[in-house]
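See below for the structure under consideration.
The values are calculated or read from the model by the stated rules, or taken from the named source; none is laboratory data. Treat the numbers as computed from the prediction; the structure is a model and nothing was measured. Here Cβ is always computed from backbone atoms with ideal geometry, including for glycine, and neighbour counts include all displayed protein chains.
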Amino acid sequence: MSTRETLLGAAALKSLRKARGWSLADTARALIATARRLGQPLAPSVPSVQRSVARWESTTSPTLPSDRYQLLLAHLYARGADGHISLGPGSDFAELLYALTHLGEAEAQLHELRTLLVRTATDSGAGLLALLGPTTQVSMAAALADPALADDALLDGLRTAVQDVNAQVGSLPFARLQLLLAPVTESCRRLLAGGAPEPLRPELRTVATQAYTLAGRLAFETRDDQASRALYAAATDTAGLLDTTWRRAIVHMSHALVTLYSTPDIGAARGLVDAAVRDARTGDSIRVRARAHALQAEIAARSDAERHAHTALALAWYDVERDADGDPMPTSFSADHLRGFEGLCELYVGDAVVAHDVFASSAQALRGPRECVQRTIVTTDQALACIRLNAPETAVDLLHGCIITTATTGGRVPALRLRQARKALRPWRHEKFVADLDDHLIDILGN
């Protein structure tokens, strides 16, 4: 980290303090009060904490606040003068993260800090507008009253909020994420219906498509299938007005997955996946095309169409191994994700041994917080492969871990996969290890 970078961070921290009208001693007292409120009282005195604040803001050699002080600063600056939590663009919290970044804090630590504050906001029931910064909240209120006032800054705020909610999948329960996204989806709907300026409408449709698609997935996860269908219909219609067909392919793929798990008819999911492949083939994203072919392979394997499954899988590998330079969605789908689909094909129309090894490799690679749900799904599939290989106790060991992560996120698909695996364990239902699994399922998930 260069001296210039750290000085920028120090200046940002000082600016935050000055904006609240605080002296160094005032800030120290505020941090001590915050620690007390959180049940983590600070032992140092006001002068000692004051010296720490001064070191962070040094104009010659600023230091990075410790993890504990970062947590206290986060809680302190997450609340505005009105006492409401605000984490979005333009908020003091966003400025704090900017300062910590320049002072040298790692991105992973900042993600954990943000996740913790989002959880705090939803714990208290005060998080409905937490991801919309104060500036966005004001401009959104004005635009909803008069859509002609919508501007690029408002769209940036809405887009960032959608990205923030999406980034928290796997870290927060789906019900909470649904609450956080609700004001964004409703704002998009009203702005599109109310006459937003024509030059803004293409980008507004893009943001709305992303919001409706994510909201459809969240509604499915919280078992509101009627709302999910309506949101996916809105996403499909809105995406259809865009020039980028790969965006509509993403909508179709997400819709196909929830359809696969919410209806007994695999044909409906197949139709959506085929539509996704058609759109992806005419779009600019190779990675989206790879994912569409991977889903096509899964549907074929579940339908016992071995040749079709292997053909689609080969196309997916061809796409995922191509150079993604210039791809609008370069990180949306990777070889690690594709291995999960490869494992499914092996599980249904191939070799269970190969399936097990592929699932294990994929689960090991999917380590990020955003990939928690996918990792749980892959691990339950690995357990199914173990059952087919007559290794039920190994399968149960894997499933115990999946129960914890499923309970944490409230994920519907992992819960369905767990139920499928439990049914496959029926031949061993009188064994103690299965009884222990049942007890764990009841204790944690209630089923």
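Looking at the range 381-414, which of the residues that are within 24 Å of Leu257 (Cα to Cα) and among the β-branched types (Val, Ile, Thr) is modelled with the lowest pLDDT? Per the stated criteria, the residue is Thr409. The condition of being at pLDDT 95 or above, in the same structural domain as Glu342 (by TED's automatic domain parsing) and either under 21 Å from Val378 (Cα atoms) or charged (D, E, K, R) (or both) holds for only one of Ala280, Ala275, Ala290, that being Ala290. I'd like to check something: does the range 160-182 contain any residue that is among the basic types (Lys, Arg), touching a residue at least 24 places away in the same chain (Cβ under 8 Å) and either touching a Leu at 6+ places or on another chain (Cβ under 8 Å) or over 25 Å from Leu76 (Cα atoms) (or both)? Within the range 160-182 (the criterion being among the basic types (Lys, Arg), touching a residue at least 24 places away in the same chain (Cβ under 8 Å) and either touching a Leu at 6+ places or on another chain (Cβ under 8 Å) or over 25 Å from Leu76 (Cα atoms) (or both)), the answer is no, since none of the residues qualifies.
Being surrounded by 20 or more Cβ atoms within 10 Å (Cβ to Cβ) and among the basic types (Lys, Arg) is the requirement here; does Arg417 meet it? So Arg417 passes the test.
Candidates Arg229, Arg217, Arg190, Arg176: the one that is at pLDDT 85 or above, farther than 14 Å from Ser254 by Cβ and not aromatic (Phe, Trp, Tyr) is Arg190.
A search for C-beta distances below 9 Å between a residue of the range 317-341 that is aromatic (Phe, Trp, Tyr) and any residue that is surrounded by fewer than 19 Cβ atoms within 10 Å (Cβ to Cβ), counting only pairs 6+ apart in sequence or on different chains, returns Trp317/Ala335. Summed over the range 79-96, the residues that are part of a helix (DSSP H, G or I), free of Cβ contacts under 8 Å to residues at least 40 places away in the same chain and surrounded by fewer than 21 Cβ atoms within 10 Å (Cβ to Cβ) give a count of 1.
Of everything in the range 90-134 that is of a type in the set (Ser, Thr, Tyr) and more than 30 Å from Ser2 (Cβ to Cβ), the residue that is modelled with the lowest pLDDT is Ser124. Tell me whether the range 386-396 contains one or more residues that are farther than 18 Å from Lys432 by Cα and crowded, with 20+ Cβ neighbours inside 10 Å. Within the range 386-396, not a single residue is farther than 18 Å from Lys432 by Cα and crowded, with 20+ Cβ neighbours inside 10 Å. Within the range 45-66, is even one residue part of a helix (DSSP H, G or I), within 33 Å of the chain's Cα centre (by Cα), closer than 22 Å to Thr101 by Cα and not hydrophobic (A, V, I, L, M, F, W, C)? The answer is no; no qualifying residue exists.
Put simply, of Ser45, Ser52 the only residue that is more than 27 Å from Thr185 (Cα to Cα), at pLDDT 90 or above and not charged (D, E, K, R) is Ser52. Can you say whether Arg229 is basic (Lys, Arg) and either in contact with a Gly (Cβ under 7 Å, 6 or more places away or on another chain) or within 24 Å of Ala280 (Cβ to Cβ) (or both), as far as the supplied structure shows? Spelling it out, Arg229 is indeed basic (Lys, Arg) and either in contact with a Gly (Cβ under 7 Å, 6 or more places away or on another chain) or within 24 Å of Ala280 (Cβ to Cβ) (or both).
Looking across Arg79, Arg51, Arg55, Arg119, one residue alone is of a type in the set (Lys, Arg), in the same structural domain as Ala10 (by TED's automatic domain parsing) and within 23 Å of Gly368 (Cβ to Cβ). It is Arg119.
Would you say Arg322 is surrounded by fewer than 17 Cβ atoms within 10 Å (Cβ to Cβ) and either hydrophobic (A, V, I, L, M, F, W, C) or in the same structural domain as Asp284 (by TED's automatic domain parsing) (or both)?
It is true that Arg322 is surrounded by fewer than 17 Cβ atoms within 10 Å (Cβ to Cβ) and either hydrophobic (A, V, I, L, M, F, W, C) or in the same structural domain as Asp284 (by TED's automatic domain parsing) (or both).
For the range 161-173, filtered to residues that are surrounded by 20 or more Cβ atoms within 10 Å (Cβ to Cβ) and assigned to a helix (DSSP H, G or I), the residue that is modelled with the highest pLDDT is Val162. Within the set Glu371, Glu346, the sole residue that is assigned by TED's automatic domain parsing to the domain that holds Pro264, acidic (Asp, Glu) and in a helix (DSSP H, G or I) turns out to be Glu346.
The criterion of at least 3 residues that are among the basic types (Lys, Arg) is met, among helices (runs of 4 or more DSSP H) falling completely within the range 206-297, by 266-281.
Counting only residues that are more than 27 Å from the chain's Cα centre (by Cα) and in contact (Cβ under 8 Å) with a residue 24 or more places away in the chain, the range 401-426 holds 2 of them.
Going through the range 348-375 one residue at a time, which ones are of a type in the set (Asp, Glu) and under 30 Å from Glu112 (Cα atoms)? If the condition is that a residue be of a type in the set (Asp, Glu) and under 30 Å from Glu112 (Cα atoms), then Glu371 is the only one that fits.
Can we say Ala363 is among the small types (Gly, Ala, Ser), assigned to a helix (DSSP H, G or I) and closer than 29 Å to Leu177 by Cβ? Taking the combined requirement at face value, the residue satisfies it.
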